[in-house]
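Written below as structure tokens is the structure these notes are about.
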């Protein structure tokens with residue numbers, strides 16, 4: 001089990017291209033189910049580079065990183081529309 005404080009310290013890495021996407025910035029839940037819908041990953045250069053990572057794209061949450069498989073990362077503002 002992992003809590004949010006520990007999760008947001010981890011770097012998110014796309015295993016398809018080896019690129020670091022940033023760190024977990026926020027978690028979005030569905031209502032009223034209360035299930036995690038996706039993570040908002042803070043880009044390395046500020047809010048313009050935030051990505052939405054669906055929970056189904058997460059391969060592994062390790063000690064140091066969150067490994068994801070994203071063919072084309074979706075910008076967080078596109079996900080919210």
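Listed values, structure above:
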read-out	value
Residues that are farther than 21 Å from residue 71 by Cα, surrounded by 11 or more Cβ atoms within 10 Å (Cβ to Cβ) and either in contact (Cβ under 8 Å) with a residue 12 or more places away in the chain or in contact with a helix residue (DSSP H, G or I) (Cβ under 6 Å, 6 or more places away or on another chain) (or both), drawn from segment 1-25	7, 8
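Residues are listed down the side, and each one gets a yes or a no for (1) outside any strand (DSSP E or B); (2) at pLDDT below 90; (3) under 19 Å from residue 4 (Cα atoms); (4) touching a helix residue (DSSP H, G or I) at 6+ places or on another chain (Cβ under 7 Å):
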| site | (1), (2), (3), (4) |
| --- | --- |
| 31 | yes, yes, yes, no |
| 34 | yes, yes, yes, no |
| 45 | yes, yes, no, no |
| 52 | no, yes, yes, yes |
| 56 | yes, no, yes, no |
| 71 | yes, yes, no, no |
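The values are calculated or read from the model by the stated rules, or taken from the named source; none is laboratory data. Here the structure is a predicted model, which is why all the values come from computation and not from measurement. Quick reminder, even Gly has a Cβ in these numbers, built from the backbone with ideal geometry, and neighbours come from all protein chains shown.
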